[in-house]
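S.K.: Would you mind keeping the following structure in view while I ask a few things?
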Amino acid sequence: MQYAGASLGSIWFLLQGLLLLGLYIFVSERFLARGADFSHVLTGVLFWIPFSEMMQKSTVVLTENRAIIKRSGIGIDLFYWIPIVQMLFHFLLLSIPALTFLFWKGKLSYSFFIVFPFIIFLAIVLFPISRYLAMANVLLKDISPIIRLFLQIIFWTLPIVYVSPESIYSYLKFNPLFPCIQIFRSILLSGYEFYDILDLSNIIIINILIYIITNYNLKKQIADHI
């Protein structure tokens, strides 16, 4: 439905992702990625693009589908999963050319197939924050521009298009997504330093608290406003 009436139809879904992938890589290769090779940048943007689009989609999934929610009677809960499913589908599409390239360059780890259950696990972990953004945007229209700005901050505080210098490494670890992208790279890249999945404990705890708070404070209010 998102691309209904467009001349290229749902092809835009893949095309936009590939164009962003190429743009990030071109800019980082030319200007930013000091000490980072192509595989480092490629895995960084492969992680980032589906995640950032999930966050942006989350903020509007209820407001854009308000009429459908009212008429269909299927309830709100199903719509919370739309950004999550879109993230997984988009990652699957973008991973095909990315993993093919890494294999061709001899950079792909033998454990690369684990990345798919890892992304599913990560999507489930991030579901509470996605759900919260959808709820909050119904009550406060400023959420969408705030998230766009917040994503820029998150992008530059993650080693996506650069290798983190030792001087700022300790600060980058405060970003809750930092262990996510490090584990992601350690699964995909041969010879990359291994990161323990237990490093995700902070982001898991944060999202559990968000889920509890939204159930307690926002769930009833959203039903009334929709």
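Derivation of every value follows stated rules applied to the coordinates shown; laboratory data play no part. Since the structure is predicted, the reported quantities are computational estimates derived from the model, not experimental observations.
S.K.: May I ask you to give the average projected area over all directions of the convex hull of the Cα atoms of the stretch 54-177, in nm² rounded to one decimal?
M.R.: 9.7
S.K.: Now for a different question. List the residues, sorted by chain then number, that are 5 or more residues from Ser109 or on another chain and whose placed amide H is less than 5 Å from its amide H.
M.R.: For Ser109, the qualifying residues are Leu189, Ser190.
S.K.: Grab the Cα-Cα distance for Ser111 and Gln56, subtract it from 0.36 nm times how many residues apart they are, and report the gain in nm with one decimal.
M.R.: Gain in length upon complete extension: 16.8 nm.
S.K.: While we're here: Please list, in order along the stretch 84-93, the HN-Hα scalar couplings obtained from phi with the Karplus expression 6.51 cos²θ - 1.76 cosθ + 1.60 (θ = phi - 60°), rounded to whole Hz, x for Gly and Pro.
M.R.: Working through the residues one at a time gives 5, 5, 4, 4, 5, 5, 5, 4, 4, 5 Hz.
S.K.: Does the stretch 81-127 come out rounded, prolate or oblate by the C-alpha gyration tensor, with a ≥ b ≥ c the root eigenvalues, rounded set by a/c under 1.5 and, if not, prolate when a/b is larger than b/c and oblate if not?
M.R.: The shape class here is oblate.
S.K.: Related question: Hey, what do the phi angles of the stretch 119-126 turn into as Karplus ³J(HN,Hα) couplings, whole Hz, using 6.51/-1.76/1.60 and θ = phi - 60°, x for Gly and Pro?
M.R.: Working through the residues one at a time gives 5, 5, 4, 5, 4, 5, 4, 7 Hz.
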